[in-house]
Amino acid sequence: MPSPLDTKLCQELAQHIEALTHTGQKVLEPTLIKKIKQICRSSEGYVEHAYHLLLHQLGEQHAEVRFSAFQIIDELFRRSHSFREHLVSDMQRIMELTVETNPNNCLPPPKTAAVNLKNLALRSFHEWNVQYGSGYKRLQIGYNFLRKCKNIDFDNLEFENAIERARREENLRHQQIVNEEKIQKVLTEYNDLYEEIKATITSLENCIKLLVPSLDDFFISCDNMDESDIDTFNSELVVTSPHLKCSNKENKVDIREHGMNTNFSVEVEIKPVASVKETAENAAVFENARDAQRLIKNRYIPRVKNWLKVITKCSGKTDDIKKMVNLKDELEKSLKNCDRLDISRKNSDDSSDSDLEEVPDKEGYEEHVVEEHVLFAQSSSRSEKPTSSKKDWSIFSKDNNEKDPTTLLSTLSTLQTTKNSHPSCSEHSFATTSSGEQEVKVQKTEEIECLPSTSHNNQSTQSRKQKLLSVAPKLPFDIDLYHWEEEKLAAPTMLLVKPDGARFWSATSTDEMEEIVVPEGAASLRTRVIEFSGRHEPVKWACRAPLPSGKLCPRRDRYKCPFHGPVVARDSSGKCSNPEDEARLKQMQEEEQQKNPDWQDPKLLQEIKEATGVDLKMPEKGKRKKKSDQTKYPGLTDIKAKQNNAYTRLAKKVFKKGSMKRIAQSLDNADHKRFRDKYGDQFNYVHETS
Amino acid sequence: MIKCLEDLRSGIVEPSALVSAERTKRAYNLQLSKYRDIESVHSSGVNSLDLDVVEKHYLLSGCADGTVYIHDLYNFTGLPQYTSKLICSVDKTSRSAHQYSVECVQWYPFDNGLFVSSGMDKKLKIWDANCLKPAEQICLEGRIFQHHMSPIGSKQCLVAVASSASEVILVDLKSGCYSHELRGHTGSVLTCRWSPREENIVATGSCDNKVILWDVRSSKCFLKSFCLYSTDNQSGSQLTSTAHDGYVNGLCFTADGLFLLSYGTDNRLQLWDAYTGENQMVNYGDIPNRTKKCVQFAVSVNTNPILAYVPSEGNIFVFELHTGLKVKTLLGHYSSVNGCIYHPFLQEVYSAGNDRNILLWSADTQGLIYDEHTKSQVPVKSDSLRSVYYKKNVTLDTWSSDEDS
């Protein structure tokens, strides 16, 4: 039994191993590994201790840690027999942790380190087996296990790569075959259509030639053309280029004979677009050209373009591509010629393509309805318009009409006529009636003034009343006014309708109906509902306090932002434009900070920390305490770093609880609806569904 | 050893005691054999092993892909290094092979010209070992987990078959059809064993957690159902008594037939008195066991404390039978071990696992003696010297000098 281990050395060993495995480097630091070896060499106990420490590190969920740990293991394995014994007895577990023999227990991220680890481990196993296999039977068995059961080829360590490569090659081959097929198809199509396309092009060109002879034709024909030919030409050319013709003639004839000066100039204006009139004679040519043009435009050019796309995508031969491009150019050229000649103009006028046919206007159809009679009706209805605005209520209804005997206006007008006809009529009685009327009248004072009220003593009372009335509040008619004069109001009641069954089933007599008092009692008849009559003024300013994100606070509060205090004027960068405001806000902030308890004074805390080593600082509000491995081991790759890729972003949206719920809800609804549609009218199912 | 021999010579010790002591020593000191191997030919996990009863010469093994292999274990080379060669095999491609996994193989106990195999294709096949052709093929209703022939019943040739049907079926080899159905289990039967002492007694273990002892002469009712908790065996409680808290997937009688070991998925091993049905209350501790099919395990023969070799996932535990003491763990397999058998003549254990290996565990006494012998004869050829030197070198510490600094 070896002597008991020195705890200090053990601690040192643990520290070294921890440090060495958490560097994240690919190569071990030579000084540290030397120290570890030194400690292990002194006694077998340390070897065992180191073995257990390393096995623990090998179990870490970080491929870089495992990689470094396995490197140390490899170093020690080649040194110590007892280490080998231990390792070989635990071989199964080590294989699981390094070369993922257990498919349920995969290697941890990061991926590159995991691949490296696997390769390193397999190489090491191979070397170990060659070197030590004869002495350690289990090592041999393990090696054979990897080779036979896990199909690992130790010769070139390409266990999975081979499969992957085969798959890739297969894919490539397949792609090539597909490409070949596509190109072949395009070529056969090209060959099939080539003649046709060529024929179309030549026919179009010929048509154009017929319509517009080229300059060469002119010269040839001019020399040996008989009169009639020229005539026919002229008949066309008159249309096309009269100026040109004129100059042509002049070349032949002496100008002087025409009584012209020698030094005259003729301005030849060549129209950019030659226009050819379609006549009965050349209609067939036009038709032909149009057909050809349409064919080229709608059929051949898209086809050729498609071919080109396919053939370039499938990386076809350059010769083929050239052929196609030439063909396309040719097509486009002829089409351009055609366009210049404007052959298709008539075509479009015909609108044979358009689906919508114009229908001649129907007789008597008026596009704009005349609103005259409507207007007339409006104006006629108000021959004597009341002055009151619509909002204000008046006893006079707006529809007051003199012809209507029930209205006030009519009575007034009749009175007026009677007064006019019988001036000696007793005024007194009339006045009383008028004054009685005035009690009821609230607003129509102008109209009332025109009424005859000549009595003097009535005049004063009337003016007093008027004064009072102008002071009195004007209220629209409502339930409280309805009950204005009733001194004792009985609380209103209502009849309770029993919800069960129709009235056919129950007794109809009202005695049995329950009568209950409205909860508010008589007060409900005295209350008046007054709607808010003020106007809503939208807030025109935002808080605009600077936010940590660099933006400005977009909240629109009238007086005070819940986050940034009272709203003050700020400039475009969020600074207070008024220095007083700034000072005030600062003061408020300081006060806020003062609220921290005094024992949280940072100076005091610092002192305490120095003296006792305990950090008593309260965690900041809203910030979670986080002590990641990242800060502890800066060398390691952070495997917990949130991956911000398209997948996670999408997943966040798609698998959001709310959206899932919504979708489930709508699916449920759809299901329910379908079910109801199917079975809803069947008695058996009605109760189950609803 | 020397002292024992001396005592024997002087007549203090009986010869049998010497034999027993040596056997026990070997049975205790099992390790992965450094000198001997079994040729690795298996194309998938090995499910079952059997040694022929008469000579213990041939090792029969059944594979998960339906193949059957026979290895020769005898070493006539005179050297300790030896790899047991494959003699013959039933190929997967041959028409007579099992369609699915072979779960159990067994030699006919009285003649190694015949063996029986069964498997997941619900077929029990009786093979002529010499021409490797099935002489008879019996189709059963359930997938067969294990079958067993009595090692002593020479008059009757009954094969007990444990299958996924809840009845245990006895197939008579003479007629080639079922003779009995033993009804008592409610779940599929995972294991069955004939007693090596009483030719009519068979024990079965099942998924309904029961271990039942049958007398095949009265197939109407079973003899006994082992009960885990109560020691008094009332007939009323027999119907409900369970031997384990999980499936019973392994049974083994001791060589004298007095005790029965049962192994369950409740991670327990139980020792029962085969006559009284009493639980011997031996605590073997927790033995991880998750396989839902038959696990073959073995006990040593003619050693003083009897040892049990119990496969548990990738390891084989060695227990003292009557004390429950764990003697050793045999580490070697890289995936779960399906079965192991004990060689009573050589005191060796053969184990079969899902890692397509049959491993040989022995005390390597022969090899060690041979090594000492070669070492004593130093002036041999330089070749062998180098090889010996190399072999020694492998297991030495090799701390390099640069660690001194």
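In table form, for the structure just shown:
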item	result
Heavy atoms of A:Glu180: accessible area, 1.4 Å probe, square angstrom to 10	120
Cα-only radius of gyration and Dmax that characterise region B:39-393, units Å	21.0, 77
Region B:39-393, relative contact order [Cα under 8 Å, separation at least 6], %	11
Modelled FRET efficiency - R0 22 Å, A:Asp6 with A:His52, Cβ distances, 0.05 increments	0.85
Gain upon complete extension [B:Val19, B:Glu278; 0.36 nm per residue less C-alpha separation]	90.1 nm
Förster radius 35 Å - calculated FRET efficiency between B:Thr240 and B:Lys155, Cβ distance, rounded to 0.05	0.50
Pairs beyond 29 Å (Cα-Cα), from B:Lys3/B:Lys34; A:Lys182/A:Lys653; A:Lys551/A:Lys586; B:Lys292/B:Lys326; A:Lys118/A:Lys642	A:Lys182/A:Lys653
Two-site label geometry, A:Glu531 and A:Glu164: point separation in nm, points 7 Å out along Cα→Cβ	7.4
Per-pair calculated FRET efficiency, R0 = 41 Å: A:Lys653 and A:Asp319 via Cβ, rounded to 0.05	0.20
Segment A:Lys632-A:Asn684, length gained on full extension (0.36 nm per residue, minus Cα span)	11.8 nm
GNM result for chain B, Cα springs below 10 Å: residue of B:Asn130, B:Asn47, B:Asn283 fluctuating most strongly	B:Asn130
Area hidden from solvent between B and A (accessible, protein heavy atoms only, 1.4 Å, total, Å²)	2600
Within a Gaussian network of chain B (alpha carbon springs, distance under 10 Å), most fluctuating of B:Lys375, B:Lys328, B:Lys292	B:Lys375
Rounded Å value of the spacing that divides the Cα centres of region B:59-135 and region B:272-318	26
Distance between modelled label sites at A:Ala569 and B:Asp208, nm, 7 Å Cα→Cβ extension	9.5
Projected area, mean over directions - region A:297-339, Cα convex hull, nm²	2.7
Probe 1.4 Å - accessible area at A:Ser666, Å² to nearest ten	60
Exposure of A:Arg294 as accessible area (Å², to 10), given a probe of 1.4 Å and all protein chains	90
Cα→Cβ-extended label distance, 7 Å offset, between B:Gln81 and A:Leu481, nm	12.5
Chain B: most fluctuating residue of B:Val216, B:Val54, B:Val161 per GNM, C-alpha cutoff 10 Å	B:Val54
Accessible-area ranking of A:Arg649, A:Arg556, largest first, probe 1.4 Å	A:Arg556, A:Arg649
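The values are calculated or read from the model by the stated rules, or taken from the named source; none is laboratory data. Keep in mind it's a predicted model, so treat the numbers as computed, not measured. Cβ coordinates were reconstructed from backbone atoms using ideal geometry, including for glycine residues, and neighbour counts include every protein chain displayed. Please note that ligands, DNA and RNA were not included when accessible areas were found on the heavy atoms of the full protein model with its side chains. Shrake-Rupley method; radii C 1.70, N 1.55, O 1.52, S 1.80 Å.
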